[in-house]
Structure formats: C-alpha cells, structure tokens
Amino acid sequence: MKIFGRGFIGSNLRRLELSKDFLVYAAGVSNSNQNKVSAYKKEINVLKKVLKTVNAKKKFIYISSLSVENKKLRNDRYVKNKLLIENLIKKNIQQYLIVRLPQIVGRNKNKFTLTNFLYKNIKFGKPTILWKNSIRNLIDIDDIVKILKKYLKNKPQINTTINIFNPKSVKVISLIKLFSEILNKEVKIKMITRENKNINFNKLRKNTRLPNRYYKTIDKKNYIEKVLRKYYL
C-alpha cells in the first residue's frame with residue numbers, strides 16, 4: 001500500500017496495512033475555510049501529476065469530504081475543488097474508490113478543525129460565535145481506520161463512492177457544553193442566526209452508505225463525550 005499525504009488523516013491511514021494493490025490519496029488542502037485560489041490550483045496540479053503515474057492495476061482510494069453532499073455548499077471553493085478532484089479521478093483512473101468523511105477528531109495540530117477551535121476558545125476563555133441550530137458529524141480517527149480496514153479487506157466495490165459518517169450527529173451547542181464540562185470552564189457564546197448548512201444524512205443515496213455492521217464501534221451512548229475526553233483531557 002502506498003499513501004500520498006503526510007497530514008493528520010494520511011498519517012493515520014498508514015495503519016490500514018493494505019496490500020500493494022492499493023494507493024491511498026489523502027493529500028491536499030486541509031482547511032475548509034481556505035480562500036486562496038493558488039492553494040487549490042496547487043492541489044489540482046499535484047494530483048494531476050500523481051494520476052499520470054498510477055498503474056491501471058492499482059486500486060486508487062481518494063479521501064474526500066462529506067461536505068460535497070451539501071447542495072448549499074456547491075459554490076464553496078473547498079467543496080468545488082473536492083468535486084473537481086473526484087471527477088478527475090473518475091475520468092482518469094480505471095479502478096477507484098472515493099471515500100467521503102465527516103469531521104474527524106484526533107490528536108492533530110490543525111487549528112482549523114472544529115474541535116480544536118472550540119477547545120482553544122473555551123480553554124482560554126475566548127468568546128465563541130455559534131450559528132443557531134448548527135449540527136455537525138464527528139468521528140474518532142481510530143474508528144475511521146477500523147471501518148476502512150474492515151471494508152477494504154472485504155472485497156470492496158470498485159468505481160464507486162462511499163460516505164462514512166457517525167449515525168448520530170451532534171448539535172454544536174451540545175458540543176460546546178461538553179467541552180465546558182470537560183475543561184471545567186465557563187463558556188462565552190455569541191449566538192447568531194444565519195442559514196445553516198447542515199447535511200441531511202437521510203437524503204444520502206443508499207448505495208453510498210455502508211451497512212450498519214461497520215458502525216458497531218461508534219453507535220453507542222456518550223460516544224462524543226468519550227472521544228472528547230480521549231483527546232482533550
């Protein structure tokens with residue numbers, strides 16, 4: 001197995017221990033709020049160079065984002081680039097698998113992740129701006145590795161897209177309250193009303209969903225709290 005990407009997700013996916021038949025591409029822009037056009041052009045150019053080197057016999061796995069399932073985000077630069085990359089892979093790779101992930105929780109230095117951002121704000125008493133009724137979907141990186149390892153070692157369907165997500169999303173206000181309890185800190189919240197861009201998981205195509213058996217490790221009580229305590233205490 002060869003992995004492209006040395007960031008948080010790419011480094012953790014090295015634990016998949018797949019055969020040499022697989023190539024995993026987990027590189028690119030990690031900040032979904034990135035607005036620099038140059039950063040996205042660079043991401044595309046690097047990918048194109050890699051695609052030219054891929055052996056037709058190899059199974060190419062691209063790590064994408066569940067954000068592309070949200071029609072309200074189709075004009076977002078980050079999402080548009082993810083969709084462009086997915087289409088490039090479909091057109092240029094004979095054996096591919098696109099894996100879309102939600103927001104991942106784990107030990108990483110990316111200050112732009114939701115949980116790292118909230119942790120820092122609450123720990124140091126900074127006010128947090130909260131969109132009313134906002135909901136997010138979080139999964140432990142360890143569970144992503146377990147789910148993918150199980151799926152990829154079980155004769156995975158090729159030339160398709162799968163969406164991996166926590167069966168239970170969490171309200172961001174609940175997430176903030178959990179951090180407040182875990183860190184024993186008061187929270188300063190500025191609530192604003194804006195159009196939320198929450199993903200409706202009930203509308204995801206059935207053929208992109210994994211069977212429930214893959215989620216046995218995460219579909220349990222207090223999952224989010226346990227994950228936060230695991231990485232932020």
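The charge dipole of region 135-196, taken about its Cα centre with unit charges on the Cβ atoms of Lys, Arg (+1), Asp and Glu (-1) only, comes to about 120 debye. For Lys48, the lysines whose Cα falls under 22 Å of its own Cα, not counting residues fewer than eight places away in the same chain, are Lys2, Lys20, Lys36, Lys57, Lys58, Lys59, Lys80, Lys82, Lys90, Lys91. Between Lys177 and Lys206, the modelled labels are 3.6 nm apart [label points 7 Å from Cα along Cα→Cβ]. The DSSP beta bridges internal to the chain are antiparallel in roughly 5% of cases. Of all aspartates and glutamates in the structure, those lying under 16 Å Cα to Cα from Lys49, and not within fewer than 8 positions of it along the same chain, are Glu86.
What do you reckon, how do Thr113, Thr193 stack up by accessible area (1.4 Å probe), largest on top? Write down the numbers at each step before the final one.
Numbers: Thr113 30, Thr193 115 Å².
Output order, biggest surface exposure first: Thr193, Thr113.
Of the complete DSSP H runs in the chain, those spanning 15 angstrom or more by Cα along the long axis with a mean Kyte-Doolittle score not below 1.0 are 172-183.
Considering only alpha-carbon pairs that sit under 8 angstrom and 6 or more positions apart, the relative contact order computed for the chain is 21 percent.
So, R0 is 35 Å and r is the distance between the beta-carbons of Tyr231 and Gln94; what FRET efficiency does that work out to, to 0.05? Write out the running numbers ahead of the final one.
On the way: r = 39 Å, r/R0 = 1.10.
With a Förster radius of 35 Å, E is 0.35.
Pair-distance distribution of region 98-192: all C-alpha pairs, bin width 5 Å, starting at 0; shares per bin in whole percent are 2, 11, 20, 20, 17, 10, 8, 6, 4, 2. Charge tally around Lys155: other residues with Cβ under 13 Å, Lys/Arg +1 each, Asp/Glu -1 each, net +2.
The values are calculated or read from the model by the stated rules, or taken from the named source; none is laboratory data. All of these numbers come straight from a predicted model, not from anything done at the bench. Positions of Cβ are backbone-derived with ideal geometry, glycine not excepted, and every protein chain shown enters the neighbour counts. Note: accessible area is taken over every heavy atom of the protein model, side chains too, but ligands, DNA and RNA are not part of it. Shrake-Rupley method; radii C 1.70, N 1.55, O 1.52, S 1.80 Å.
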